[in-house]
Amino acid sequence: MQLSICTDVFGKIPFTEMLDKVKDYGLDAIELTTGGWGGCFFVPSAEELVKNASKRKAFLKEIEARGLKISALNCSGNPLVNNAMGRAHSKTIHDTAELAGLLGVKTIVTMSGLPEAAPGDTTPNWITSTISWPDFNGRNYMRDAVKYQWEVAGKWWQEYAAFARENGVEKIAIEEFPCQLVYNVRSLKKLIEVTGPELGKMIGMNLDPSHLMIQGAEPIAAARALGNKIFYVHGKDARIERGLADVDGLLENLPVDQSAKRTWNYVGVGCGRDLQWWKEFFSVVHMMGYNGYVSLEMEDLTMSTEAGLATSIDALKQTISR
């Protein structure tokens, strides 16, 4: 395994300064955001790099001059919802596939997206409650919503997987983010199913253990269940906050900057689970056949960016399976 980093953590600094920082931290690669909800600080427009060969060449030259690689392009957003945001995200994820092909990057990190609950709606609707209410006038709104959402997903993902394959992308790593249609192992398998037997082979998981932790799942067990469908790994930790989660549970919608009040928080690696857990996690992931990049996604708002980076990088260097 090799260490990468999602570069949004560095904020709006010059591209070359960011690359120098990555090199100084002793990392091997970079994961760049190219659209969707990403900061896109270093690739403001995937479309521009697609259309401008000279800019693309200069871009790659700076990366290669430092002995770094691009581990993946990240275009995480919601391309499935029927509104302006969904259409914009759908465009940038298609642009990202084209750019990946031109840069020789074989892996795209993204999210499944989440449609509206019914035709004509424009707001994404995450159905997580047990479907148990009786029908009313012959309709069960939760059951019908989930059925409709998977129909939308199947149509979009069949088209996109074919498009990505035509552009040389080999793996689409879906991050199992809450409030998306794919948020765990079972829903990933459903996406693979609706995408089809051939194109579904391109789809696997960006295994981000933090997202499973905050849902009450065990990422080590998830890694075993995924097997060869682990396409990418994010090095990100989460902490269930003692006392608060005991009272209010794990369903949390307070803003992320209200860390002291939340029942869980994303934290630096080692500040949620201890290093023994992380060693076992990476050992099992490696045992399942994954020997690719582990990309640090540092989103700890309980400490400074510098402290979070130093803490996380030190922990990952001690625990990944090289």
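Computed values, structure above
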{"quantity": "Among (1) part of a helix (DSSP H, G or I); (2) buried (at least 22 other Cβ atoms within 10 Å of the Cβ); (3) not polar (S, T, N, Q) - the single one Lys21 does not satisfy", "calculated": "(2)"}
{"quantity": "Selection within the range 3-13 - in a helix (DSSP H, G or I) and open to solvent by 50 Å² or more (accessible area, probe 1.4 Å)", "calculated": "none"}
{"quantity": "Which numbered condition Thr263 misses (of (1) under 29 Å from Lys171 (Cβ atoms); (2) touching a residue at least 12 places away in the same chain (Cβ under 8 Å))", "calculated": "(1)"}
{"quantity": "Residue in the range 243-256 that is under 30 Å from Ala29 (Cα atoms) and in contact (Cβ under 8 Å) with a residue 12 or more places away in the chain present", "calculated": "yes"}
{"quantity": "Residue check, Ala162 touching a His at 6+ places or on another chain (Cβ under 9 Å), hydrophobic (A, V, I, L, M, F, W, C), open to solvent by 20 Å² or more (accessible area, probe 1.4 Å) and on the phi < 0 side of the Ramachandran plot", "calculated": "no"}
{"quantity": "Near pairs, Cβ below 7 angstrom, 6+ apart or cross-chain, from the range 1-25 (under 13 Å from Lys69 (Cα atoms)) to any residue that is basic (Lys, Arg) and open to solvent by less than 70 Å² (accessible area, probe 1.4 Å)", "calculated": "Leu19/Arg66; Lys23/Arg66"}
{"quantity": "Residues of the range 166-184 that turn out to be of a type in the set (D, E, K, R), open to solvent by 40 Å² or more (accessible area, probe 1.4 Å) and under 18 Å from the mean Cα position of the chain (by Cα), as a count", "calculated": "2"}
{"quantity": "Qualifying positions in the range 152-194 - without any contact (Cβ under 8 Å) to a residue 60 or more places away in the chain, polar (S, T, N, Q) and farther than 22 Å from Thr128 by Cβ", "calculated": "Gln158"}
{"quantity": "Failed criterion for Cys75 (all others in (1) farther than 21 Å from Glu170 by Cβ; (2) of a type in the set (A, V, I, L, M, F, W, C); (3) crowded, with 19+ Cβ neighbours inside 10 Å hold)", "calculated": "(1)"}
{"quantity": "Any chance Thr16 is among the hydroxyl-bearing types (Ser, Thr, Tyr) and buried (at least 21 other Cβ atoms within 10 Å of the Cβ)", "calculated": "no"}
{"quantity": "Given (1) surrounded by 12 or more Cβ atoms within 10 Å (Cβ to Cβ); (2) in contact (Cβ under 8 Å) with a residue 40 or more places away in the chain, index of the condition Thr123 fails", "calculated": "(1)"}
{"quantity": "Selection from the range 266-304 of residues that are in contact (Cβ under 8 Å) with a residue 40 or more places away in the chain, among the aliphatic types (A, V, I, L, M) and open to solvent by 40 Å² or more (accessible area, probe 1.4 Å)", "calculated": "Leu275, Met288, Leu301"}
{"quantity": "Hits in the range 152-168 (condition: touching a helix residue (DSSP H, G or I) at 6+ places or on another chain (Cβ under 8 Å) and of a type in the set (A, V, I, L, M))", "calculated": "Ala153, Ala161, Ala162, Ala164"}
{"quantity": "Qualifying positions in the range 185-216 - buried (at least 17 other Cβ atoms within 10 Å of the Cβ) and within 27 Å of Leu275 (Cβ to Cβ)", "calculated": "Val185, Gly204, Met205, Asn206, Leu207, Asp208, Pro209, Ser210, His211, Leu212, Met213, Ile214"}
{"quantity": "Selected residue [under 16 Å from the mean Cα position of the chain (by Cα), open to solvent by 40 Å² or more (accessible area, probe 1.4 Å) and within 22 Å of Ser4 (Cβ to Cβ)] from Lys106, Lys61", "calculated": "Lys106"}
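Residues checked against (1) farther than 19 Å from Gly204 by Cα; (2) among the small types (Gly, Ala, Ser):
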residue	(1), (2)
Ala46	yes, yes
Arg56	yes, no
Asn78	no, no
Val81	yes, no
Met111	no, no
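The values are calculated or read from the model by the stated rules, or taken from the named source; none is laboratory data. All values reported here derive from a predicted model rather than from experimental measurement. Neighbour counts run over all protein chains shown; Cβ positions are idealised from the backbone, glycine included. Accessible surface areas use protein heavy atoms only, side chains included; no ligands, DNA or RNA. Shrake-Rupley method; radii C 1.70, N 1.55, O 1.52, S 1.80 Å.
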